[in-house]
Amino acid sequence: LSSLIAWIELLKARGFMEESTEIEKDVHRLETITERFSKIGSQPVLKKENLMDALQEGMNYMQTRTSKKVVFNLSGTKDILVPISIPLFEWVIENLLRNAVDAMEGSGTVNISVSDQTQFAYIDITDTGKGIPKSQYKTIFEPGFTTKKRGWGLGLSLTKRIIENYHSGRIFVKSSELDKGTTFRIVLRK
């Protein structure tokens with residue numbers, strides 16, 4: 001990463017500002033991924049953060065990397081402060097959104113809705129994908145479980161670990177209907 005950052009500075013110095021901007025975004029992304037992996041296995045420091053801002057960031061990242069046939073919507077109370085680790089929480093959101101897009105085979109709608117209760121914040125992520133059979137509601141969170149041709153089946157198990165072990169929250173399949181879609185619910189303490 002240090003070497004890439006140095007090359008970006010050299011590009012800027014030689015007048016290649018436009019080209020360096022995209023590379024800079026990629027380097028920032030690599031720094032985020034590095035930070036995420038460094039936090040796994042150690043207890044992250046949780047800070048009160050604006051939940052809607054974190055959700056918006058995760059959604060924006062996925063939106064730019066997804067077909068225009070996928071519509072993302074975010075609704076809820078604007079200023080909900082919850083103790084989270086931004087890099088880890090955004091990883092959770094990206095995993096859930098990536099799975100939603102895959103379940104919809106690149107076309108459909110993903111709705112993220114947030115409700116603010118006295119002690120908890122509820123985040124529902126709903127897609128219009130193929131759905132999940134009720135018999136798999138719990139097994140989808142086990143390491144190695146996948147319905148994809150590629151992948152290790154670690155996304156949802158890591159997501160569950162981040163929410164439950166690091167954020168003292170809960171994540172589960174709230175509802176799902178075959179060929180209509182799925183709703184995942186995340187519950188976080190405020």
If we keep only residues of the stretch 95-107 that are surrounded by fewer than 18 Cβ atoms within 10 Å (Cβ to Cβ) and farther than 14 Å from Asn60 by Cα, then the residue modelled with the highest pLDDT is Ser107
In this structure, does Thr139 turn out to be farther than 17 Å from Phe172 by Cα and surrounded by fewer than 20 Cβ atoms within 10 Å (Cβ to Cβ)?
no
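In the list Ile84, Ile123, Ile162, which residue meets the criterion of being β-branched (Val, Ile, Thr), modelled with pLDDT under 95 and closer than 23 Å to Tyr61 by Cβ? Show your work before the answer.
Values: Ile84 fails: modelled with pLDDT under 95; Ile123 fails: modelled with pLDDT under 95.
Exactly one residue qualifies, and that residue is Ile162.
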Considering the stretch 42-67 alone, what residues qualify as being closer than 15 Å to Leu97 by Cβ and either charged (D, E, K, R) or part of a loop (DSSP other than H, G, I, E, B) (or both)?
Glu57, Thr64, Arg65, Thr66, Ser67
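Filtering the stretch 58-86 down to residues that are within 22 Å of Arg170 (Cβ to Cβ) and open to solvent by 20 Å² or more (accessible area, probe 1.4 Å), which residue is nearest to the chain's Cα centre (by Cα)? Give the derivation first.
Quick first cut of the stretch 58-86, residues within 22 Å of Arg170 (Cβ to Cβ) only: 58-59, 74-77, 80-86.
With the extra rule that they be open to solvent by 20 Å² or more (accessible area, probe 1.4 Å), the set shrinks to 74-77, 81, 83, 86.
On the way: Leu74: 13, Ser75: 16, Gly76: 17, Thr77: 19, Leu81: 18, Pro83: 16, Ile86: 10 Å.
Filtering the stretch 58-86 for residues that are within 22 Å of Arg170 (Cβ to Cβ) and open to solvent by 20 Å² or more (accessible area, probe 1.4 Å), the one nearest to the chain's Cα centre (by Cα) comes out as Ile86.
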Check off (1) farther than 30 Å from Val45 by Cβ; (2) without any contact (Cβ under 8 Å) to a residue 24 or more places away in the chain; (3) part of a loop (DSSP other than H, G, I, E, B) for Pro143 and give me the number that stays unchecked.
(1)
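Could you list, in sequence order, the residues of the stretch 1-25 that are open to solvent by 90 Å² or more (accessible area, probe 1.4 Å) and either on the phi > 0 side of the Ramachandran plot or assigned to a helix (DSSP H, G or I) (or both)?
Here is the first cut: in the stretch 1-25, the ones open to solvent by 90 Å² or more (accessible area, probe 1.4 Å) are 2, 7, 9, 14, 16-19, 22, 25.
Once the filter is applied, which keeps residues that are open to solvent by 90 Å² or more (accessible area, probe 1.4 Å) and either on the phi > 0 side of the Ramachandran plot or assigned to a helix (DSSP H, G or I) (or both), the stretch 1-25 yields Ser2, Trp7, Glu9, Met17, Glu18, Glu19, Glu22, Lys25.
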Which residue pairs have Cβ atoms closer than 6 Å, lie 6 or more positions apart in sequence or on different chains, and pair a first residue in the stretch 115-135 that is open to solvent by 20 Å² or more (accessible area, probe 1.4 Å) with a second residue that is assigned to a helix (DSSP H, G or I)?
Lys130/Ala103
For the stretch 33-45, indicate whether the set of residues that are open to solvent by less than 20 Å² (accessible area, probe 1.4 Å) and of a type in the set (A, V, I, L, M) is non-empty.
no
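Could you say whether any residue in the stretch 76-88 is closer than 26 Å to Asp179 by Cα and either out of contact with any Phe, Trp or Tyr (no Cβ under 6 Å at 6 or more places or on another chain) or part of a helix (DSSP H, G or I) (or both)? If you could, list the steps in order and put the result at the bottom.
Narrowing the stretch 76-88 to residues closer than 26 Å to Asp179 by Cα: none.
No - not one qualifying residue is present in the stretch 76-88.
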Residue tally, condition open to solvent by less than 60 Å² (accessible area, probe 1.4 Å) and part of a loop (DSSP other than H, G, I, E, B), over the stretch 152-164
1
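State all residues of the stretch 165-190 that are in a loop (DSSP other than H, G, I, E, B), without any contact (Cβ under 8 Å) to a residue 24 or more places away in the chain and surrounded by 15 or more Cβ atoms within 10 Å (Cβ to Cβ); if no residue qualifies, say none.
Of the residues in the stretch 165-190, the ones in a loop (DSSP other than H, G, I, E, B) are 167-169, 178-180, 190.
Those left that are additionally without any contact (Cβ under 8 Å) to a residue 24 or more places away in the chain: 168-169.
Listed by number, the list holds a single entry, Gly169.
The values are calculated or read from the model by the stated rules, or taken from the named source; none is laboratory data. Here the structure is a predicted model, which is why all the values come from computation and not from measurement. Cβ coordinates were reconstructed from backbone atoms using ideal geometry, including for glycine residues, and neighbour counts include every protein chain displayed. We work out accessible area using only protein heavy atoms, side chains counted, and drop any ligands, DNA or RNA first. Shrake-Rupley method; radii C 1.70, N 1.55, O 1.52, S 1.80 Å.
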